[in-house]
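Below is one structure, written out as structure tokens; comments come after it.
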Amino acid sequence: MTALYFGGAEVSSWRKMLSESDVSHVALSYMGLRRKVKFARPWLLDDKFPAEQKIFLDSGAFTVNQDTAGEKYSQRDLKEIGEAYMGFVLQNIDRVEMVSEFDSLALGLSWIRDQREDFYDSLPEGKFLPVWHADWGLSELESLAERYKRVGIMQTAMDGRNLVPTLNGLVRKYGTHLHGVAMTRPELMSEVQWGSVASTSWISPAQYGDTIIWTGRELKRYPKKMKDQARMRHRTYLRDHGFDTEKIEGDDTNEVLRLSLWSWQRLVESVDQTTAAPEVVATSAEPSDSGFAETEDPLVVTSPSEMRKSVATTRKVRQTTLLPIMGVNVTTEKVLGDDGQPAEVTRNLLTVRSQSQRLCASCFLADKCPMFEDGANCAYEIPVEVKTKDQMQSLQNGLIEMQTQRVLFARMSEEITGGYPDPNLSSEMDRLQKMIKTKTELEQDGFTFKMEAKGRGGSDGGGILQRMFGAQPEQTARALPAPVKADAIAASQFSDIIDVEVIEARSNS
């Protein structure tokens, strides 16, 4: 079982929470403790922690290394802190499982080496943790791995180079226990053969308002702006696992941190099941720090070649078979052959099988499914066929009806819980509107004609549009008719009148 050391134990409230949550492995930062304790009398770990808890003592030098300009700590200050830290270590050396050195970069590598020889090398074997920094080079890393049982690693990449193969090679060569500083990201936990790994992430909900939830398959970390949506989304799941969802949604710090502790423990258990992951350490988070060290770690992706065995193995050739989730329909079509004569060809059409390959024992619905049977495959099938227009419309209708049911049920839940606007409901309503819009647009018949023409002008300056519609077609279309003389209009109006002779009018007298 992998051990996870939860940090922050220098804070009394967090130390109490860790104890009440039965956390067996804890860590504390000396620099964090200095900001809270004046050390007027000896501060003994035996007096502060239950006897069954295992303790990792971190010097907290990461904090002073952030002061690159030397504005906060002078050389004299740093040396005095280093001396005081060594005195604190001596007072508590019998109580700690592991202790890191005061690796102040401002004092230089020579000073750090001197402290190792003068003090840290005299500590009980296996308890001392020297820390390697990439600026010191790979030769220094190998020297530390050869000399010490434990070595702290700040990063897994250097100048664009992936150090994962190098680190694993040191473990195989010297049997060194590597301690990853701030590297609890799941991919990093499984790629390197760590002896321990450090992180401060579990405390971040109390400092930054985010929410950490183990969903049953992965560790989700929601930022503060998404916390309401995340907590509502996982409400039933959290309630089923014994958490007070009203306190979580109300930003109760203790309950949110209790959820974070539980989630990190589930992550470690998951890593244990998939890899031979070693001891994991979550070091102290200090409230005054601006951020976490792990947020700056580069993402390391191990290439497939690095994951393969280095020793060549023989390959057994087996008969292949179709993936169980797929089906194939064979059809025959008539085509015109190369010789010009009609011919028949067969084609394979891909289908999706309705039978599920899931096993009841590994299904995430195992504790709720009415058809659960240990050792059996899933009892349900999902027959889907979408090959015609009617089938497509039927599928769309079904999805819209299903989404409408979800929206209405979420609305009922919103009313029952007091009517507070649920952001999850709003997003589901937006999704429903998009689905309806898509279906409506697909069902509308329409016809669009678009013609594009391009041509170069001739010697007379005219182009293809002029040849098709005449010179300046836009002006021609808007121009008024040419003026016509009145005589011409009269002539056209009376062109059908026959010439006559005028006769004098007859007199009545």
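The values are calculated or read from the model by the stated rules, or taken from the named source; none is laboratory data. Computed from a prediction, not measured in an experiment: that's the story for all the values here. All Cβ positions, even for glycine, are placed from backbone atoms using ideal geometry, and neighbour counts span all protein chains on display.
Within the option set N377, N397, being over 20 Å from T440 (Cα atoms) and not aliphatic (A, V, I, L, M) holds for one residue only, N377. Scoring D240 on the criteria (1) modelled with pLDDT under 90; (2) closer than 19 Å to L365 by Cα leaves a single failure, condition (1). Among the conditions (1) touching a Ser or Thr at 6+ places or on another chain (Cβ under 8 Å); (2) closer than 19 Å to R406 by Cβ, the only one that S201 does not satisfy is (2). Of all positions in segment 74-82, none carries a residue that is surrounded by 12 or more Cβ atoms within 10 Å (Cβ to Cβ) and either within 38 Å of the chain's Cα centre (by Cα) or part of a strand (DSSP E or B) (or both).
Please work out if S263 is modelled with pLDDT of 85 or more and out of contact with any helix residue (DSSP H, G or I) (no Cβ under 7 Å at 6 or more places or on another chain). For S263, the condition - modelled with pLDDT of 85 or more and out of contact with any helix residue (DSSP H, G or I) (no Cβ under 7 Å at 6 or more places or on another chain) - is met.
How many residues are part of a strand (DSSP E or B) and surrounded by 10 or more Cβ atoms within 10 Å (Cβ to Cβ) when one looks only at segment 349-371?
Taking segment 349-371 and keeping what is part of a strand (DSSP E or B), we get 349-352, 355, 359.
In the following step, the residues that additionally are surrounded by 10 or more Cβ atoms within 10 Å (Cβ to Cβ) were identified as 349, 351-352, 355, 359.
Matching residues across segment 349-371 total 5.
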